[in-house]
1. Taking the radius of gyration and the Kirkwood hydrodynamic radius from Cα positions alone, what is the Rg/Rh ratio for the range 136-191, to two decimal places?
2. Per residue, what volume in Å³ does the convex hull of the Cα atoms of the chain enclose?
3. Determine the order of Y242, Y184 by accessible area, beginning with the largest, at a probe radius of 1.4 Å.
4. What ranking, highest mean first, results for peptides 383-392, 313-322 when packing means the other Cβ atoms within 10 Å averaged over each residue?
5. Per Stokes-Einstein, at 25 °C and 0.890 mPa s, what whole-number D in µm² s⁻¹ belongs to the range 1-55, with the Kirkwood radius over Cα pairs as the hydrodynamic radius?
6. Dividing the alpha-carbon radius of gyration of the range 97-210 by 2.2 N^0.38 Å (N being the number of residues), what value is obtained?
7. If I stretch the segment between K239 and T54 completely, what's the gain in nm (0.36 nm per residue apart, minus their alpha carbon distance), one decimal?
8. How large is Rg/Rh for the range 181-230, to two decimals, with Cα atoms and a Kirkwood Rh?
Amino acid sequence: MSYFSDVNKIAYEGPDTKNDLAFRHYDADAMVEGKTMRDHLRFSVVYWHTFRGTGADPFGGPTLLRPWDDGSNSVENAQNRVRVAFEFMEKLGAPYFAFHDIDISPEGNTLSETQNNFDRVVETIEEEMQRTGIKLLWGTANLFSHPRYMHGAATSCNAESFAYAAAQVRKCIEVTKRLGGENYVFWGGREGYQNLWNTDMQRELENLGRFFHMAVDYANEIGFKGQFLIEPKPKEPTKHQYDSDAAACINFLRAYDLGDHFKLNIETNHATLAGHTMMHELEYAAIQGALGSIDANRGDLLLGWDTDQFPTDIYQTARTMLVLLKHGGIGSGGVNFDAKIRRESIDIHDLYHAHIGGMDAFARGLKIAAAIRADGQLQGLVDQRYASWKSGLGAEIESGEHSLTSLEKIALETKAFQPMESGRQELFENIVNRFI
Ligand code: XUL
Ligand code: CO
């Protein structure tokens, strides 16, 4: 049964169209820097917000009551929801999706019942993936909602919670492989602490490292070739999450000898909550060889929590795309809309408006970033600012020809010294504005 029979496949109609259910900027086949927009952006729809979001918040219950949902926890209801989801994604033209294990299938009374439910729903997903050609960007296990994870999963004080989490991750990697998933994500839901008095931090970190090694070993055992990703987030639900930002994650991965097996999934509003910008997190991850994928959304600067709004800020998407283009693209990752419609947006068409807006905002960001790069003035000014490293003393230092002592000799010989480069921040900002 179709729930979106009044919606046609969303088409690119250009900036002047009056149609709200059309793309104004995302033209999947249009070429930018020698690649289609589709391949640059690799858009992905998330199952948890888009098909399981209820609109509930700490102050009120569900508002998003869906006509396709019979309200039960049955496998049949879950399978039916899968068909609706694929109708939606097919009409939207999103090439990828992402899920948590418990988004797509109901938990049973025992672990084996849960796994059996999962397999049955995955069968329907497989059929729908074949029918539509939509692919899996990543799978992940939800290791934070159930009360068994109240102290964390891999960092729990309780060894049985760790064991249950291991079982859930094993199964979810198996399913991700079965569905051809290109990545597998770990977001450390409750891997952190509320209070250091009651926390054995060293044990928790070592156990987290141990858990990730078990995942790497299992992937090798079954031949899962997808990229493992860690998703940094500084707080929420815990006061301090161990994967607090890109730098903390990269340090953790190197300290526990996991650097070769993991990259990062950088999320816009997590960067903001960490007191960074998305551009900073992306750039930092990229120069460390750890940029894997992005969770695209935005926060609200007046609200200090993770509001997961759809990305519509053109500056933000332009900055993001500028970093991605500079570092050769997103690789096996994608632009994954980890974003939810507001609880007041109760019309099912709002799901389309939200995603169309996000896709158009990223398409514009891509075009703007490519235009800034083609123009070259901005990069030219950066090069000019660092010109002292291109020859003479700078080139000698960078090629390793100097020591503190040899540089001291040069400094002693140099008379009153003052850098001649201007930072030109205002000009840089003006240049960017010319392209927005
Ligand atoms: C939580 C978050 C998650 C992860 C997947 O803030 O972003 O949805 O993306 O577990
Ligand atoms: Co996310």
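1. 1.01
2. Working: hull volume 81.7 nm³, N = 436.
Once divided by residue count, the hull of the chain is 187 Å³.
3. Order by accessible area, largest first: Y242, Y184.
4. Descending mean neighbour count gives 313-322, 383-392.
5. Calculated translational D: 180 µm²/s.
6. Working it through for the range 97-210, the quotient is 1.16.
7. 64.1 nm
8. Working: Rg = 13.6 Å, Rh = 12.5 Å.
Using only Cα positions, Rg/Rh for the range 181-230 is 1.09.
The values are calculated or read from the model by the stated rules, or taken from the named source; none is laboratory data. Values in this document were obtained by computation on a predicted structure and should not be read as measured data. All Cβ positions, even for glycine, are placed from backbone atoms using ideal geometry, and neighbour counts span all protein chains on display. Note: accessible area is taken over every heavy atom of the protein model, side chains too, but ligands, DNA and RNA are not part of it. Shrake-Rupley method; radii C 1.70, N 1.55, O 1.52, S 1.80 Å.
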